[in-house]
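> The structure is given below, and queries will be raised subsequently.
The values are calculated or read from the model by the stated rules, or taken from the named source; none is laboratory data. From a predicted model like this one, the values you see are computed outputs, not experimental measurements. Cβ placement follows ideal geometry from the backbone for every residue including glycine, while neighbour counts extend to all protein chains displayed.
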Amino acid sequence: MMVDLPLGFLSDFSEAFDFIFNTREAQTGGVQVGGPAEVLEFTWEHVKVSGAAIGVACAVAIPAGLALGHAGKGELLAISISNIGRAVPSLALIAFFVAYLGVGFTNVTLALVLLAIPPILTNTYVGVRQVDRDVIDAGRGMGLNPQQVVRRIELPLALPSIFGGIRTSAVNVVATATIAPLAGVLTLGDYILSANVYGQDGRLAGAILVALLALCVEAAFAGLQRLSVPRGLALGDHI
Amino acid sequence: MRRGHLPALLAAVAALACAVLLAACGDDDSSTDTGSTGAKVIERNADNAGKQLTVGSKNFTEQFILGEIYAQALQAAGYEVKKDLNLGSEQIALRALKGGDVDAYPEYTSTALTSFFDVQPQDIPKDAQQAVEDSQAQFEQEGLVAYEPTPFTSANAVGMLKEKADELGVTTVSDLEGKSQDLTLYGSPECRQRLDCLVGLQQDYGLRFQKFTPVDIGLRYDVLDKGQADLSIIFTTDAQLSTRDDVVTLEDDKQVFPPGNVTFVASKAAADQAGAGLKETVELVQQGLSERVMQELNARVDVDREEPRAVARAYLRESGYIE
């Protein structure tokens, strides 16, 4: 019996790429949509809102994680925050924020920050806690004060774990920023949300672009994570 | 245009605030004033037994209610009815209909003409009956059957708080001329690029707004209430228009927003198989659906937080279509 291979998606894909590289009339008429200029504009907005969120999340979560990890306290706090963060679906978080705070770049960024904090906080905390106690004792023995212990021993040794956290957050945030057009920020998600205007080709193009962006971010942070491994650790067989 | 974007989740969460607020104001269970007399009870027809129908709908309140009304009525007529009431946008719904995943769903004539049949919004017949006939003819070419339309029409509209409208002294969209550059407009993301929305307001009325902000349609009243939006794109059948008197719509004097009746669209195959009972039942139960009634039904779901299923049942009961 002959089996019809569902290869229709291949032509769907080529249409989607055509949408990315050439402008065309909107399905609803009257305006031109698609094409590199618009794609870049949306991509830039997408990168801006995601970047801002990840930046703020790092600024909050890394110092907090270092402090908690160094003190060896607040394990319950760090773990709880992370668990709650994981339990709340990102969509619900954004919806909650938009309903109570309103729309716009700042509010969307804030909502995404909340989404981004838990993995970074937990990974920072865990990264610091798993630093070999002997190394810290040795540092203290050499006369390092607590601040120096954090800066010169705990932070460098925790970096791979921290970057792992940022990597998880970043992919989450980039994917979730897709719904930002519902809250006043025109990201690549507009292609997906307004498919009546952009057509199915536009919608697929949007999905491809968001996926590509997430993969790029993932790859970039994976690279950083690898680079951040202190040479001493990389030479050893710890990893 | 008329479609919920972020599915149930956002709508649910966003509406939660509303619900809590309104619950505090007391719960008056207003009954639907259908005012229909002489409606006849749908009789179970033995001929329909064993005939299966899958009724679909798009993904927002009015569609859920309409889908339920048609589904329950057809069930009362003896059909074996399945429901698939959250199909998403009209493109998805049309695909489901053509692919046989659903046998029928309610669609707006204006949406059908613009989204399916490449009619420009300004070319939609101003006469509603003509628009219906045009879309029926187009559907037929696609192997689909569109039944007679609902009494109510539904359209987008520019809404604003009454206070603000009085302050500016505007009652029509044209009145916004010379004032719009200081006003913010909020609408669904796709409004931005549509001729029957922002683009039309810019081209046909020559209006320039201070800023257009895309927002989930579930928030179309929130943005007015929070003072973020001076103007918001709302629907003429919105529950809020019947329950609140502090929101007004501006008259669309240049007819940018095409009005649409709802027609129940079925695939030819399903219609043939279902027989005459389908058409009869559908055209019977929608008789009571005036604009006012549709607003009230929407209000019972959006404001009173009743289930679309229960609201549809109440409508059918109170109108005397089922017992």
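> Any idea which of (1) within 25 Å of A:Val197 (Cβ to Cβ); (2) surrounded by fewer than 22 Cβ atoms within 10 Å (Cβ to Cβ); (3) at pLDDT 90 or above; (4) not aliphatic (A, V, I, L, M) is the one B:Asp230 doesn't satisfy?
It fails just one condition, (2).
> Residues to consider are B:Val158, B:Val170; find the one that is crowded, with 20+ Cβ neighbours inside 10 Å, more than 30 Å from B:Lys279 (Cβ to Cβ) and more than 24 Å from the chain's Cα centre (by Cα). Give the steps one after another, and end with the answer.
Details: B:Val158 fails: more than 24 Å from the chain's Cα centre (by Cα).
The match here is B:Val170.
Let's see how each residue does on (1) among the polar types (S, T, N, Q); (2) surrounded by fewer than 21 Cβ atoms within 10 Å (Cβ to Cβ); (3) without any contact (Cβ under 8 Å) to a residue 40 or more places away in the chain:
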{"site": "A:Gln148", "(1), (2), (3)": "yes, yes, yes"}
{"site": "A:Thr168", "(1), (2), (3)": "yes, yes, no"}
{"site": "A:Ala177", "(1), (2), (3)": "no, no, no"}
{"site": "A:Val197", "(1), (2), (3)": "no, no, no"}
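> Of all residues being of a type in the set (D, E, K, R) and within 18 Å of B:Asp253 (Cβ to Cβ) in the stretch B:114-132, which is modelled with the highest pLDDT? Just the residue, please.
Here the answer is B:Asp127.
> Now, a different point. What about A:Leu93, is it away from chain B (no Cβ under 14 Å) and either surrounded by 16 or more Cβ atoms within 10 Å (Cβ to Cβ) or more than 30 Å from A:Thr187 (Cβ to Cβ) (or both)?
No, not satisfied.
> Filter the stretch B:245-280 down to the residues that are outside any helix (DSSP H, G or I), over 22 Å from B:Tyr186 (Cβ atoms) and among the aliphatic types (A, V, I, L, M) and list them by number.
B:Val262, B:Val265, B:Ala266, listed by residue number.
> Still on this structure, I have one more. If you take just the helices (runs of 4 or more DSSP H) that sit entirely in the stretch B:170-244, which of them hold at least 1 residues that are of a type in the set (A, V, I, L, M, F, W, C) and away from chain A (no Cβ under 14 Å)?
So the answer is B:239-243.
> Which is in a helix (DSSP H, G or I), at pLDDT 90 or above and more than 19 Å from the chain's Cα centre (by Cα), of B:Arg300, B:Arg317, B:Arg309, B:Arg313?
After applying the criteria, what remains is B:Arg317.
> Do we have B:Gly277 as out of contact with any Pro (no Cβ under 6 Å at 6 or more places or on another chain) and more than 29 Å from B:Asn156 (Cα to Cα) here?
On the way: out of contact with any Pro (no Cβ under 6 Å at 6 or more places or on another chain): yes; more than 29 Å from B:Asn156 (Cα to Cα): yes.
Against the criterion (out of contact with any Pro (no Cβ under 6 Å at 6 or more places or on another chain) and more than 29 Å from B:Asn156 (Cα to Cα)), B:Gly277 qualifies.
> Can you name the number of the only condition in (1) more than 14 Å from chain B (Cβ to nearest Cβ); (2) under 30 Å from B:Leu185 (Cα atoms); (3) not in a helix (DSSP H, G or I) that A:Leu186 fails?
(1)
> Here's a follow-up. Name the residues in the stretch A:72-90 that are β-branched (Val, Ile, Thr) and not in a helix (DSSP H, G or I), would you?
Matches in the stretch A:72-90: A:Val88 only.
> Please state which of the following conditions A:Ala99 fails to meet, knowing it meets all the rest: (1) more than 14 Å from chain B (Cβ to nearest Cβ); (2) among the hydrophobic types (A, V, I, L, M, F, W, C); (3) more than 23 Å from A:Ala170 (Cβ to Cβ).
Every condition holds for A:Ala99 apart from (1).
> Separate question: Name the pairs whose Cβ atoms lie under 7 Å apart, with the first residue in the stretch A:117-138 and on the phi > 0 side of the Ramachandran plot, the second aromatic (Phe, Trp, Tyr) and part of a helix (DSSP H, G or I), and 6 or more positions between them or separate chains?
none
> I'd like the residue in the stretch A:31-49 that is surrounded by fewer than 17 Cβ atoms within 10 Å (Cβ to Cβ) and within 14 Å of another protein chain (Cβ to nearest Cβ) and, out of all such residues, is farthest from B:Ser115 (Cα to Cα).
A:Glu41
> Could you grab me the full set of residues in the stretch B:104-137 that are buried (at least 18 other Cβ atoms within 10 Å of the Cβ) and either away from chain A (no Cβ under 14 Å) or in a loop (DSSP other than H, G, I, E, B) (or both)? Walk me through how you get there before you give the answer.
Looking only at the stretch B:104-137, we keep the residues that are buried (at least 18 other Cβ atoms within 10 Å of the Cβ), and these are B:104-116, B:119, B:121, B:124, B:131-132, B:134-136.
B:Ala104, B:Tyr105, B:Pro106, B:Thr109, B:Val119, B:Ile124, B:Ala131, B:Val132, B:Asp134, B:Ser135, B:Gln136 - these are the residues of the stretch B:104-137 that are buried (at least 18 other Cβ atoms within 10 Å of the Cβ) and either away from chain A (no Cβ under 14 Å) or in a loop (DSSP other than H, G, I, E, B) (or both).
> Among the residues of the stretch A:102-154, which ones are of a type in the set (Val, Ile, Thr), within 14 Å of chain B (Cβ to nearest Cβ) and in a helix (DSSP H, G or I)?
A:Thr106, A:Val108
> Please go through the stretch A:192-215 and give me each residue that is within 10 Å of another protein chain (Cβ to nearest Cβ) and assigned to a helix (DSSP H, G or I), ordered by number.
At the first step, the residues of the stretch A:192-215 found to be within 10 Å of another protein chain (Cβ to nearest Cβ) are A:192-200, A:203.
Answer for the stretch A:192-215, where residues must be within 10 Å of another protein chain (Cβ to nearest Cβ) and assigned to a helix (DSSP H, G or I): A:Ile192, A:Leu193, A:Ala195, A:Asn196, A:Val197, A:Tyr198, A:Gly199, A:Gln200, A:Arg203.
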